[in-house]
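The values are calculated or read from the model by the stated rules, or taken from the named source; none is laboratory data. None of the values given here were measured: they were computed from a predicted structure. Using ideal geometry, Cβ is built from the backbone for each residue, glycine included, and neighbour counts are taken over all protein chains shown.
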Amino acid sequence: MTDGKPRVLIIAGMHRSGTSAAAALLQSAGLHLGDRLLGPSPSNLRGHFENLDFVEFHQRRLKALGLSPAGWTLNGPLRFDEVAAGEALRLASINATTPAWGFKDPRTVLFLRAWAALLPQAAFLFVHRAPWEVADSLYRRSAEHDAVFRHDPAYAVDVWAHYNAEILSFDTEHSARSLIVSARSLGDHPQTLLTTLNQRFELGLKTPAHAMFEESLLKLPPDPATRPGMLSRYRSDLLPLYQALLKRSWLPLPPAEAAWLETQAVPLDPKAPFRDWIGVRLAEKKVATLISETDALRSRLDHAEGELERTRSSLGEMLTETAHPLAQARAEAERAQAEAERVRLEAERAETELERARAEGARLRAELAALREVAADRERMRTALQVALREAAKERDRAQTDLTTTRAELQRTEYYLAETLHNATTERARLQSELAEARGRLRELEHERLRDMLRRVSRRFWGRFLDAFHDRVGRPRAYLDRRRQQRMRKLADREAQRRQRTALTAPTFWKGIESALREHEARETEPCEVSILTPTYNTNLFGFRETVESVLRQTTTGWEWCLVDDGSSDRELHTVLEGLTRRVPRIRVLLAEHGGIGAATNRALAMAGAPRVCFLDHDDTLTPDAVATVREALNEEWDVAYSDEDKLDASGRLTEAPFHKPAWSPEYLRGVMYVGHLLAVRRELVRRVGGVRSEFDGVQDFELMLRLTEVGARVRHIPRILYHWRRSPGSVAESLGAKPGIAELQRAAVAAHLARLGLPARAEPQGEHHRIAVLPGPRQTTPQVSLIIPTKDAPGFLRRCLASIFATSTYPNFEVLLMDNETRDPDAVRIMSNFPVRRINLPGPFNYSRANNEGSRQAQGAYLLFLNNDTEILTHDWIEHLLYYAEQNDVGAVGGLLLFPDRTVQHAGIVLGFRGTADHVMRGFPAEADGYAGSLSCAREVSAVTGACMMVRKALFEEVGGMNEHYATHYQDVDLCLTLLDRGRRNIFTPRAGLFHFESATRSSRYDLVDRVLLLDRWQDRIEAGDPFFNPHFDLSRTDYSLRA
Amino acid sequence: MNVLFVLYESLESNGALHVHHFANQLAMLGVRPVLAVPSGPLEVPLPGERRYTVVGFTDVGQLARAFPDGRGPDLIHAWTPRERVRVFCQALLRQRRVPLLVHLEDNEDCLLERILGQTLTKLAQSEVPDTLSHPVRSREFLAAAAGITLIAEPLAEFVPPGVPWTLLWPGADTESFYPRPQGTSDRYGIRPNAFVLAYTGNVHPANAREVRSVYLAAALLSREGQPTVVLRTGKDFCSFLGEDDSWARPYAVELGFVPHRELPEVLARADLLVQPGRPDRFNDYRLPSKLPEYLAMGKPVLLPEANLGHHLRHREEALVCPVVDALAIVDAVRLLLKEPGLAERLGRGALAFAKSRLVWQESASRLLAFYRSSWAGNRLAAPAEASGVGGGS
């Protein structure tokens, strides 16, 4: 292939001459023979290797010429018309996909010159075979298209002669492009042939591996000896043609074929026709036998078919007979299957039910256990109630006696009243007479003296009359109540005095505690971890006996008791104290000179050997586990602990509702002395702050607590009653006015505390409950405060809100940002322009958090004051109060006191757990009330405050990411406050920033459940842990500090 | 070696799947496993071929025959120390002294407190349902074990002193759970533009709040303009959406119990597979069985920094958040919608993790090695990594 053009090799020859074998060899050697090859057939099991494109093309051409498509013709050479030539070229171009290609079809012999003209580069390989072999092969093949030979067997030899004559003729004309090869040479020398083809036609054929082509194709059976003779005799014209072919054939010829070159004629074996004759007869006989056998077989087949038909018929009848039962059985089976399915579903349901039942069972078992406990509790309560009922019955008897006495008193009062009225009437008549006389004399006296005398007389008359009226008539119910209380207290005091008289002797004291002493002595002594500090002074032995007993009966013995007597004059007490320290080594006693309770406490502190100290009043009593509890409470995380409390009267009975305190609230402590007596502290910490200060005797424990907080003490609340405070005559517990100087001491303690902390505020006593108001002092600086008010229309609310801000507020440096959500109302728009405010448009769906966050971004002030537009400012220094707290570094949000228009509380802090989430506490309380232990009258720590009026430092607000905009309606303020708590900030409620909040007028009644669940999703653990500033003893279904049932 | 697994629930439970895979893998390693279950059917369709025998607790008399050689167990592996398992095992051990191994897959104390709503101190004095672990008896049971297998490392704090333990992660069933086209069919009635959050599993008191977070996220996203649906399977064993659940139902497609073999098709419909929760006394001590399946699906997975969350790379193999509450889910959805290609990257990473780290064959080999050391009484020989001896570690 030196010119680079594709080479074409056309393989042709008479049918059955070995062209397939040649094609197989050439394909194995790399000649591409096409993609659509004619497959194998019974006459050519290895395949024909004929490209169907060309075979079909030749067949169409032959058919068009009225010739046999198989190529059985003596016509030729044949040519292509113009259309056929075009098609032939198209086929050639389609198949010329490789550098060397070719095709094979015996029919090509009939079109040799046409192809030679169309494909000038084509070479031709002709394969021939002896005529008798070809004829024999055609007879044996006897294909459908070979039927012509059955009618005219000699025609096969004619066709052979025609094809090979064409080959010889073509070879003569195109010897350079042609190679004739005998089938036997092909079989004997395939490799040499390939070499020759490469040399002559530059086909680039490769040596095929033996496995790649079927060598047997190239092997031909030996010639039957009789056929050449027969042909030589009857078709003597064929011999020269065959010899001519052999002469032109590619050498080397096989010896058998080479011999034919010299052959003149082949003698016919005279027996050959007879052998054929007998062979035919034998074949006919065999055929007849086969026909007979076939008939017998057909007969048996017919019989078998008859049997089969009968069987089929019988089966049909049986089928008909069994169809009904079968249908019944099938229906039954379907029913059974349906039943099984139903049972399976039932079983699944039962399994589900069982699982549910198990879960329910587990829950019920748990509930049962809880109920058993409740039942046990109730049993205990029932017993206690029975005791209480018996006590109540006695109390009732006493009350009836009191009632009788009071009735008599009332009768006496009525009598006295009547008498007083009578006397007053008489006195008035007498005085009127005197007055008339005086008037008579008035004319005689100087005008000035007479006027003075008249004034004196009038005051004398009306003063006496009004006093009598108010005391006896004007307030009969209060009077009676007071009388009854006085009477009861008198009785209680008499009872206490009776007991005191009987207990005043040491023997009685010892007799009372003997049992407790013995029990204590019998117990193992644990290491001392708590020192109880108690100053005594002329202590009532009756109360002290109970105090001693409560200490001895502690569940732990890991304590010591440091008792310091502050110079008591009561010798009996000294005897008792000395006896105690002799009897119980862990009770240590010091009899000191009188120096006051503070000095005595410090002496006791000096005696303390345990790492924790615990203050205990000489007439208070401890619950049995009090010491163990404070010992556990003061672990490494805590420095100070305090507990809830209740009160006993002088005779040792509980007198009123207990005091359940909030978690550590330093702001609340400044206003209310709420921590109480049983204060447990690390000993070293008390010593570090200098112990107790005597100048604050009376509030010395409160003052100590204030100083402890100043050194960063970690304070823990124990929400359990650990001690009972005795209302002894003369104690604050008995009467708020019992210690007249207390209010001033308390104020001084708080003032000093504020000064030490550098807080710009002063302390002032307020009300009658020992409360302190912390009031902001004069300011050095006035940082700007930005009031952020989300609003939309509502001109009435907006006018009232803005007017109250600008008319009432005394703080000099604030701005107002109206976050306007598409206000359309012209009045509202006009109002906005009438006040010095910044109106910031906030289009789109209203989102409260987004409005406030955007307000924060726009704000210029360092402090943000979020305010609802349905509020009205009531107190002039509201901003100053809010700012005082917001300026403190550890404060997060600050909220004010919001009132309904009827002046009852709308907001005084938010408690976690109300309604399962959070809600306002003390809703509906009168604005002027003290609240629960000063919780409404004093500022205090709370978990959250309302966003309707909330101040936050801007930097802090931004630090926590502002308000959470995922809340659509509720709880964004609670979420913000809890986030601030999480950051270690305190949230403060102050009652001194007062506003009206017309909540009901603007608040939508729709409760947003998604907001509720969002709050729970973020804070449920904290909510369920309980609000630290709302004692767990209170009922969460009420907001008024009612005790839990 | 004849090994008897003692399961705490029926073959239909999640725990059964883990045992099933371990037993199958061990069988291929030459072990002859038998599984004892307390209740339920003994023939349940489980992934793949079953290469072990299942018996009921009531068939204990015929137990030896369940083993091919009729000898009975050489070793008992109790799947959790829960009461019904403990009682069954102790009855067996009275008859036949063989080594006992116990598998821990939960903080049993925490589970107990959450389900019964009482403190351990109180519960220690009382009976507990036999589906849970008794706070005292379970510890005695563990102390008697020759070895303990743990699904999560923090569970080592429950291993009594001197008892060897090994970490035993489950594998991912990658033959059933594998990436497949999401499909847009309306099979579940989900609108085509809806973002689909999938959560598969029952709801009980211990996980009620966490599942509620998924519903809440869907409600929040839908309210804020991104239609979102929770595609949920499993039963509810407690009411967790509140008395009025109208806020959540419109955004949920609840399929109820779905056979395990059908779960891959459900997961395939999702855009984000969510394991809600936070690191706490419950989540730190377990490995939710759904997580390997989620990862094997080749989809974005969101999970908290607990259990597997400590091992997956954030933004590469999963979205790992400190806490997966409603807002974290909302943020994750927004992130996936905003960052093209992230979902695909996460899916690839998750799948690679499942195929390399969650392989049943490797876990089973590790378990077999542990069996052999326990059987030989070699308590102190323990692999260096994630194994140890209780009390000192």
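Okay, residues lined up against (1) free of Cβ contacts under 8 Å to residues at least 12 places away in the same chain; (2) within 36 Å of the chain's Cα centre (by Cα):
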residue	(1), (2)
A:P845	yes, yes
A:N852	no, yes
A:Q858	no, yes
A:D870	no, no
A:W878	no, no
A:H881	no, no
Do we have any residue at all in the range A:218-234 that's surrounded by 11 or more Cβ atoms within 10 Å (Cβ to Cβ), at pLDDT 80 or above and among the aromatic types (F, W, Y)? no
A:G984 versus (1) over 30 Å from A:I805 (Cβ atoms); (2) within 14 Å of another protein chain (Cβ to nearest Cβ): which is the lone unmet condition? (2)
Report the residue count in the range B:75-103 for those that are touching a Lys or Arg at 6+ places or on another chain (Cβ under 8 Å) and surrounded by fewer than 22 Cβ atoms within 10 Å (Cβ to Cβ). 1
Just checking, how many residues over the range B:306-328 are surrounded by fewer than 19 Cβ atoms within 10 Å (Cβ to Cβ) and either in contact (Cβ under 8 Å) with a residue 12 or more places away in the chain or assigned to a strand (DSSP E or B) (or both)? 7
Restricting the range A:21-52 to residues that are in contact with a helix residue (DSSP H, G or I) (Cβ under 8 Å, 6 or more places away or on another chain) and among the hydroxyl-bearing types (S, T, Y), the residue that is modelled with the lowest pLDDT: A:S43
State which residue is farthest from the chain's Cα centre (by Cα) when the search covers only the range B:104-120 and only residues that are within 13 Å of chain A (Cβ to nearest Cβ) and surrounded by fewer than 16 Cβ atoms within 10 Å (Cβ to Cβ). B:T119
For A:R200, state whether it is buried (at least 16 other Cβ atoms within 10 Å of the Cβ) and assigned to a helix (DSSP H, G or I). no
Strands (runs of 3 or more DSSP E) completely within the range A:864-975 that count 1 or more residues being in contact with a helix residue (DSSP H, G or I) (Cβ under 8 Å, 6 or more places away or on another chain), within 20 Å of A:R670 (Cβ to Cβ) and not hydrophobic (A, V, I, L, M, F, W, C): A:891-899, A:940-942
Select from the range A:1013-1023 the residues that are at the interface with chain B (Cβ under 8 Å from one of its Cβ atoms) and not aliphatic (A, V, I, L, M) and list them in ascending order. A:D1017, A:R1018, A:Q1020
Does the range A:753-764 hold any residues that are small (G, A, S) and touching a residue at least 24 places away in the same chain (Cβ under 8 Å), and which are they? A:A761, A:A763
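Residue-by-condition table, conditions (1) surrounded by fewer than 19 Cβ atoms within 10 Å (Cβ to Cβ); (2) within 19 Å of A:N853 (Cβ to Cβ); (3) not hydrophobic (A, V, I, L, M, F, W, C):
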position	(1), (2), (3)
A:R799	yes, no, yes
A:I805	no, no, no
A:P812	yes, no, yes
A:M819	no, yes, no
Being touching a strand residue (DSSP E or B) at 6+ places or on another chain (Cβ under 7 Å), of a type in the set (G, A, S) and closer than 23 Å to A:T525 by Cβ narrows it down to one residue among A:G609, A:G595, A:G671; which is it? A:G609
So which of A:R857, A:R903 ends up being within 15 Å of A:S786 (Cβ to Cβ) and surrounded by fewer than 21 Cβ atoms within 10 Å (Cβ to Cβ)? A:R857
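This table checks each residue for (1) more than 9 Å from every other protein chain (Cβ to nearest Cβ); (2) among the charged types (D, E, K, R); (3) touching a strand residue (DSSP E or B) at 6+ places or on another chain (Cβ under 9 Å).
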| site | (1), (2), (3) |
| --- | --- |
| A:A357 | yes, no, no |
| A:G361 | no, no, no |
| A:A375 | yes, no, no |
| A:E379 | yes, yes, no |
Say we look at the range A:126-170 and pick out the residues that are touching an Asp or Glu at 6+ places or on another chain (Cβ under 9 Å) and of a type in the set (A, V, I, L, M, F, W, C); which of these is farthest from A:R107 (Cα to Cα)? A:W132
List the number of the failed condition for A:I988; all other conditions in (1) under 22 Å from the mean Cα position of the chain (by Cα); (2) hydrophobic (A, V, I, L, M, F, W, C); (3) crowded, with 20+ Cβ neighbours inside 10 Å hold. (1)
Just one listed residue, out of A:R1012, A:R1044, A:R1018, A:R1022, is touching a His at 6+ places or on another chain (Cβ under 8 Å) and within 21 Å of B:N207 (Cα to Cα), and it is A:R1012
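Name the residue, out of A:A244, A:A258, that is farther than 20 Å from A:A161 by Cβ, surrounded by 10 or more Cβ atoms within 10 Å (Cβ to Cβ) and not charged (D, E, K, R).
A:A258
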